[in-house]
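Here is the structure we will look at, set down as structure tokens.
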Amino acid sequence: MFKILSAAVFGIDAYLVEVEVDLNPSRSDWYFTTVGLPDAAVKESRDRIRSALRNCGYALPAQNITVNLAPADMKKEGSGFDLPIALGVLANMQELSTDHLSEYLFAGELSLDGLLRPVKGLLPVAVKARELGIPNLVIPAANGREAATVEGLRVFALKALPEVIELLRQPENFSPLRLEPKELLGQEVISPVDFRDVRGQASAKRALEVAAAGNHNILMIGPPGSGKTMLAKRLATIMPRLSFEEAIQTTKVHSVAGLLDPAQGLVSLRPFRAPHHTISDAGLIGGGVIPRPGEVSLAHNGVLFLDELPEFPRNVLEVLRQPLEDGRVTISRASMTLSFPATFMLAAAMNPCPCGYFNDSSHECTCTPPLIQRYVSKISGPLLDRIDIHIDVPAVKFRELRSSNSIESSAEIRERVERARQMQQERFAGSKIYANAQMTPRLIRKYCRLDEASEQLLESAMNRLGLSARAHDRILKVGRTIADLEGMPEIASKHIAEAVQYRSLDRTYWA
């Protein structure tokens, strides 16, 4: 009996799996049994392994092969156990060197001709191997750049089973894959979209800059064709660059979901996810028999854009409350409970009414007040309170469309945003908070102190608009961010006035 080290993914983290392979000559025919809660893909590995070994020149003996995946009480899924099982069979057949077998962790799918195919979740596996002190990781070549981002680990990205066998026999003939992940992250990537493309909409651009500077959720309200979607698609281009820790976390989620580009290796741009309004609640927050990350987790450290917000089913919108509040999604099943990260900026867009032209000077609105009220009320008050900024996006005038005035680029706006974020990082140093939007009530009282004029202005706005306590805190957070953009240590009345103006639904539709 031989033991081969491998790993499986649970949520976005991996755990060690010991693949125990035993050949029993008591049977006269070839028989293959896999135990340890394998799923269908793991059970089918016996046929892939048999063909791969035969096509690589190894004849399986007429023996009973028993494979145990330990720990046996956790569900195993995927095809990543093909390679370690095949190596366990060969070890029992004395076809490979086993002197340093415990120093390697193996993962990979086998094709019928013995080639190694990529599998999901190799980055968490590489992180786990380093944590356990296993010095060598053997994986398919297509997963090489992804795993090589983990420092302190020798990654061998190979193309076929015979190469793996040769590596175990003569390791001195192979060199590990070398990659400088921080250099990869530092490479400038030119985005196909830029704020320079947007004509007009100065107030909306300002609101998006404030949102990016403090990581505030934002809702844009305007008629069809006013540029809401165009603005939202450029929001990620003015957000601060990903740190190395953020890039690793984001890449983990995309790796587990199977969405990582093999040539990329590391997610270097902030994600932008824009699901259609027909998405289910499981598709949005994650789900399945063995839960997978949903759109809120795929947008981790980036932007989640919900276009035509009232068209989303009410139950789908309501499941956003937990990730917006906690930055995580917890999915419970009968046999397991998984947690996925979901710290994202929510950007949403909607028409002001069903026809789309309420308060539009160039089109007549055909909707009645009760119809408008029902349309806006599709967004619940608790969800609306979790959106810091509401901004009107009116139709662009012809002169603005044809103007030849110079327009700021995304890079210029991002410089101001990064300066404001730097102030926030210094303010919250030593805590897990990195942006004003994450401030707790205690931190709000500490860092959002107001002078007498600002107090009176905020009190008047609260009474006139009937704002909730949560909306009061949101105004203070946004005011703090506006002050940071100006480099001011204290919040002034002009900052509170601008923050109150970013409660468009309260002022126009819900008042």
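Provide the per-residue ³J(HN,Hα) series for segment 446-452, in order, calculated from phi with Karplus coefficients 6.51, -1.76, 1.60 and θ = phi - 60°, each as a whole number of Hz, with x at glycine and proline positions.
The phi angles translate into 7, 9, 10, 6, 10, 7, 5 Hz.
So which lysines pass the test for residue 128, namely a Cα distance under 19 Å, with those fewer than 8 places away in the same chain ruled out?
Partners found: 3, 75, 76, 120, 252.
Spin-label point model (7 Å from Cα, Cβ direction): what's the residue 230 to residue 336 distance in nm?
4.5
Probe of 1.4 angstrom, ligands and nucleic acids ignored: what's the accessible area per residue over segment 95-220, in square angstrom?
44
Using the C-alpha atoms of segment 378-454, what convex hull volume per residue, in cubic angstrom, is computed?
Cα-based convex hull of segment 378-454, divided per residue, equals 208 Å³.
Report the longest stretch of the chain that contains none of the trypsin sites (Lys or Arg not before Pro) sitting in a DSSP loop with at most 10 other Cβ atoms within 10 Å.
179-401
Considering only DSSP states other than H, G, I, E and B, which GluC sites (Glu not before Pro) in segment 12-74 qualify as loop sites with at most 14 other Cβ atoms within 10 Å?
Counting only loop positions with at most 14 other Cβ atoms within 10 Å, the GluC sites (Glu not before Pro) in segment 12-74 are 44.
For residue 359 and residue 245, calculate 0.36 nm times their separation in residues minus their Cα-Cα distance, and state this gained length in nm to one decimal.
So the extension gain works out to 36.5 nm.
Under 15 Å from the Cβ of residue 137, count the other residues' Cβ atoms, weight Lys and Arg +1, Asp and Glu -1, and hand me the total.
Here the count lands on 0.
For the chain, find the longest principal axis of its Cα atoms and tell me its angle to the long axis of helix 82-92, 0 to 90°, nearest 10.
20
For residue 397, go through the lysines and keep the ones whose alpha-carbon is under 18 Å away, minus same-chain ones fewer than eight residues off.
Within reach: 205, 228.
Which is farthest toward the positive dipole end of segment 92-156 among 122, 133, 97, measuring Cα position about the Cα centre, with Cβ charges +1 (Lys, Arg) and -1 (Asp, Glu)?
122
Counting other Cβ atoms within 10 Å of each Cβ, which GluC sites (Glu not before Pro) in segment 168-277 have at most 13 and sit in a DSSP loop?
Listed in order of number, the matching sites are 188.
How large is ³J(HN,Hα), in whole Hz, for each residue of segment 308-322 in order, when computed from phi with the Karplus curve 6.51 cos²θ - 1.76 cosθ + 1.60 and θ = phi - 60°, using x for Gly and Pro?
6, 3, x, 7, 6, x, 4, 5, 5, 5, 5, 6, 6, 4, 4
Can you give the extra length, in nm with one decimal, that the chain gains between residue 459 and residue 407 once fully stretched, where that is 0.36 nm per residue apart less the Cα-Cα distance?
15.0 nm
Return the sequence-ordered ³J(HN,Hα) values of segment 357-369 in whole Hz as given by the Karplus equation 6.51 cos²θ - 1.76 cosθ + 1.60 applied to θ = phi - 60°, using x for Gly and Pro.
10, 5, 6, 9, 6, 9, 9, 8, 7, 9, 8, 7, x
Skip the ligands, DNA and RNA, and give the accessible area per residue of segment 398-487 with a 1.4 Å probe, whole Å².
Dividing the accessible area of segment 398-487 by its residue count gives 59 Å².
For the chain, which whole percent of the accessible surface, found with a 1.4 angstrom probe, sits on carbon and sulfur atoms?
Using a 1.4 Å probe with all protein chains present, the chain comes out at 49 percent carbon and sulfur.
Tell me the GluC sites (Glu not before Pro) within segment 357-442 that lie in a loop according to DSSP and have at most 11 other beta-carbon atoms within 10 Å.
Filter output for segment 357-442: 364.
Once amide H atoms are placed 1.01 Å from N in the peptide plane, what residues at a sequence separation of 5 or more from residue 117, or on another chain, have their amide H within under 5 Å of its amide H?
Hits under the 5 Å cutoff: 109, 110, 111.
Out of 293, 336, 349, whose Cα points farthest toward the positive end of the dipole of segment 273-362 (charges: +1 Lys, Arg; -1 Asp, Glu; placed on Cβ)?
Highest projection toward the positive end goes to 336.
Treating the beta-carbon of each Lys and Arg as +1 and of each Asp and Glu as -1, no other charges, what is the dipole magnitude of segment 147-293 about its Cα centre, to the nearest 20 debye?
Roughly 580 debye, rounded to the nearest 20.
Report the Cys residues of the chain lacking a disulfide-compatible partner, meaning no second Cys Cβ under 4.7 Å from their Cβ.
Flagged as lacking a Cys partner: 56, 355, 365, 448.
Tell me which aspartates and glutamates have Cα within less than 16 Å of residue 477's Cα, excluding those fewer than 8 residues away on the same chain?
Those aspartates and glutamates meeting the cut-off are 209, 325, 385, 388, 451, 455, 459, 486, 490, 498.
Given 0.36 nm per residue, what is the gain on full extension from residue 380 to residue 368 after removing their alpha carbon distance, in nm?
This chain segment gains 2.3 nm when fully extended.
Work out the FRET efficiency for residue 177 and residue 24 from their Cβ-Cβ distance, taking R0 = 45 Å, and round it to the nearest 0.05.
Efficiency computed from Cβ-Cβ geometry: 0.75.
The values are calculated or read from the model by the stated rules, or taken from the named source; none is laboratory data. Model, not experiment: these values are computed from the prediction. FYI the Cβ positions are ideal-geometry reconstructions off the backbone, even for glycines, and counts take in every protein chain you see. The protein model used for the area step is the full one, side chains on, heavy atoms only, and it has no ligands, DNA or RNA in it. Shrake-Rupley method; radii C 1.70, N 1.55, O 1.52, S 1.80 Å.
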